[in-house]
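Step one of this worksheet: look at the structure below.
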Amino acid sequence: MNKFYIETFGCQMNVHESEKIAGILSGRGLYAADSAADADVIVFNTCCIRDTAEKKIEGFIGELKALKRADPSKIIAVTGCMTQQIGRAEALKTRFPFIDVILGTANQYSIAEKIDRILALNKRKTCIEVLSDEKPCIREDVPILRTSYPNAWVNIMYGCNNFCTYCIVPYVRGRERSRNLSDIKAEIVSLLDAGYSEITLLGQNVDSYGSDFSDGTNFYGLLKELSTIKGKFRLRFMTSHPKDLSEDVIKIIADTPNFCKNIHLPVQSGSDAVLKAMNRKYTRDRYFYLIDLIRRYMPECGITSDIMVGFPGETERDFADTTDLVERVRFQNAFTFVYSPRAGTPAADMEQLPQAVKKDRITRLVALQNRISDEISLEYLGKTEEILAEDSPRPGVLVGRTDSGRLVSFGGEKSEIGKFFNVKINENKASALFGERV
Ligand code: SAH
Ligand code: SF4
Ligand code: F3S
């Protein structure tokens, strides 16, 4: 047994956790394979944020059946948020009996021991370990096989306490746990020493970093500490919550050259009634206030968002409040979603809107946001921006982000990945920016 393959679904949190699973498996002497067919151990790291995500993943797991039949010695493991839902692990086992291991979000680091156990058994039976520990301790000793050079993901906290009424995350990720400030800083310093040029801090709600400590540690304090790190690099973070984002945080981003002028601030809805029903704990006025504050300190800041339509009870008036907010704020980009009921969350028990209404609203919202994103793209034409070069699938082409987070493609070689270039942006084609090095 010498090759593993990890298929990752969901958010950056999962992407980074897959790097930890890969770290554990390579620590056991396994190598990364190029495909599931080529691997001895296949790991699915799953997401359950929306029904579409779950259906897609179930489809992919179903496809593994043929691989397993052709080679029964393959080990198939499923982990991530999907497995952590109540009753879900058992249901997966019944529907896909060929799965060897099912691990919850708090148990995935035991994957190597589980594989050893399966290999020791001569008759295979699905092994399930999904513990419903709401506050599993933070493991600082997990090896990480990073796959996103020159960017490195760094967790600052795990879990979520917010219980937005539509969201499954608090149920599958447990309560908020913050990493020690000194551990975070040490990890970042060693990543920069190792040649990484961009650090992205991860947390479901980075603004509540430290609220589980009793020593007054908070996100501003963390940023202040990180602002003392010498040398040129980029620091980003996600996700900010409009109820908690503070003026101090906005100010220190503005004042620190290494901190990217780029804030992802999910609004979800522009209607006060819907925000209240979602338990988001802010109003549209508070949101406008934050946008004004960000733009006052950093006129060049790229602001992006998540927006949802079709939440139970959303009227045409509520939806008009959302489109009005989108018109007024002018997000650089936004992820737009149709509300998807998640079993066990309060909103799933509310009266649901007809599918046709949801579809009509998402179509209108997407058209509006596309228009705005395109208009903002045009503003970049003719500008020269500093871009950190990343890999792209096309030979002779590199991609990279502006400080404000916009992707730009330009000519370059793989050996130049991880370097900073000044790029003059000269073309906007199908919502993608292209430029030339100057
Ligand atoms: N912690 C982050 C985001 C977590 S999930 C935050 O609070 O912003 C990412 C996005 O998925 C959310 O911002 C939301 O827009 C969307 N989302 C979450 N639950 C959803 C659901 N049940 N249906 C549709 N979209 C959902
Ligand atoms: Fe979900 Fe809300 Fe927590 Fe974000 S803040 S993960 S949307 S419950
Ligand atoms: Fe992320 Fe999906 Fe889990 S969005 S936290 S992987 S449910």
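The values are calculated or read from the model by the stated rules, or taken from the named source; none is laboratory data. Quantities reported herein were computed from a predicted structural model and do not represent experimental measurements. As a convention, Cβ positions derive from the backbone with ideal geometry for all residues, glycine included, and neighbour counts pool all protein chains shown. We work out accessible area using only protein heavy atoms, side chains counted, and drop any ligands, DNA or RNA first. Shrake-Rupley method; radii C 1.70, N 1.55, O 1.52, S 1.80 Å.
A compact table of results
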quantity: Residue of 220, 171, 297 that the Gaussian network model of the chain assigns the largest fluctuation, springs spanning Cα pairs under 10 Å; calculated: 297
quantity: Members of 224/414; 3/125; 261/383; 135/185 lying beyond 27 Å, as alpha-carbon distances in this model show; calculated: 224/414
quantity: Estimated dipole of the chain in Debye, rounded to 20 [Cβ of Lys and Arg +1, of Asp and Glu -1, Cα centre]; calculated: 680
quantity: Computed E for residue 255/residue 119 - FRET, C-beta separation, R0 51 angstrom, nearest 0.05; calculated: 0.40
quantity: Peptides ranked, highest mean first, by Cβ atoms within 10 Å: ranges 303-309, 213-219, 7-13; calculated: 303-309, 7-13, 213-219
quantity: Using θ = phi - 60° and Karplus 6.51 cos²θ - 1.76 cosθ + 1.60, couplings along segment 212-220 (whole Hz; Gly, Pro as x); calculated: 8, 9, 10, 9, x, 4, 9, 5, 4
quantity: Cross-link partners of residue 232 among aspartates and glutamates (Cα-Cα below 14 Å; sequence separation of 8 or more within a chain); calculated: 193, 198, 386, 403
quantity: GNM result for the chain, Cα springs below 10 Å: residue of 321, 34, 244 fluctuating most strongly; calculated: 34
quantity: Most mobile listed residue (211, 240, 197) in the chain, GNM with C-alpha springs under 10 Å; calculated: 211
quantity: Additional length obtainable on full extension of the chain from residue 300 to residue 288, 0.36 nm per residue less Cα span; calculated: 2.6 nm
quantity: Computed [θ] at 222 nm, deg cm²/dmol, the chain (DSSP H ≥ 4; -39,500 (n - 2.57); rounded to nearest 500); calculated: -10500 deg cm²/dmol
quantity: Accessible surface of the chain [probe 1.4 Å, protein heavy atoms]: carbon and sulfur percent; calculated: 52
quantity: Pairwise label distance in nanometres, residue 427 with residue 161, each label 7 Å out on the Cα-Cβ vector; calculated: 5.1
quantity: Environment charge at residue 20 (Cβ cut-off 11 Å; Lys +1, Arg +1, Asp -1, Glu -1); calculated: -1
quantity: Euclidean distance of C-alpha centroids, segment 322-383 and segment 29-48, integer Å; calculated: 34
quantity: Solvent-accessible area per residue for the chain (1.4 angstrom probe, square angstrom); calculated: 44
quantity: Dipole magnitude (debye, nearest 20) for segment 90-240, charges at Cβ of Lys, Arg, Asp, Glu; calculated: 460
quantity: Residues of type lysines that residue 358 reaches as a straight line, Cα spacing below 22 Å, ignoring anything fewer than 8 places off in the same chain; calculated: 55, 56, 276
